[in-house]
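K.L.:
Before anything else, here's the structure in question.
The values are calculated or read from the model by the stated rules, or taken from the named source; none is laboratory data. Predicted model only: the values in this text are computed from it and were never measured. Methodologically, a virtual Cβ is constructed for each residue, glycine included, from the backbone with ideal geometry; neighbour enumeration extends over all protein chains shown.
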Amino acid sequence: MAVIASEFSRLPALIGVEQACTLLGISRSAGYRAAAAGDLPTIRLGRRLYVPTARLLTMLGLGPKVEP
């Protein structure tokens, strides 16, 4: 599944780990392993684990360009 940058702009501020896995093309278990290892940025709200969309885009090199 190819995902283009404009599709990321329509995502909410937080997405579930499973949705992030789908976008990244990785398995659910690989996504949770990456989250546990700190390789996938996450925020815990109660018992739920979310991926901040902005941090995911930055990690993928699709985030806003920041001038030094």
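K.L.:
Report, by residue number, each residue of segment 32-43 that is within 18 Å of A54 (Cβ to Cβ) and not in a loop (DSSP other than H, G, I, E, B).
P.N.:
The answer is A34, A35, I43.
Here's the yes/no breakdown for (1) modelled with pLDDT of 85 or more; (2) surrounded by fewer than 16 Cβ atoms within 10 Å (Cβ to Cβ):
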{"site": "A2", "(1), (2)": "no, yes"}
{"site": "F8", "(1), (2)": "no, no"}
{"site": "V17", "(1), (2)": "yes, no"}
{"site": "A20", "(1), (2)": "yes, no"}
{"site": "S27", "(1), (2)": "yes, yes"}
{"site": "Y32", "(1), (2)": "yes, no"}
{"site": "A35", "(1), (2)": "yes, no"}
{"site": "L60", "(1), (2)": "no, yes"}
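K.L.:
So which residues in segment 25-68 are touching a Gly at 6+ places or on another chain (Cβ under 8 Å) and in contact (Cβ under 8 Å) with a residue 24 or more places away in the chain, if there are any at all?
P.N.:
Hits for segment 25-68 are R48, L49, Y50, V51, A54, L57.
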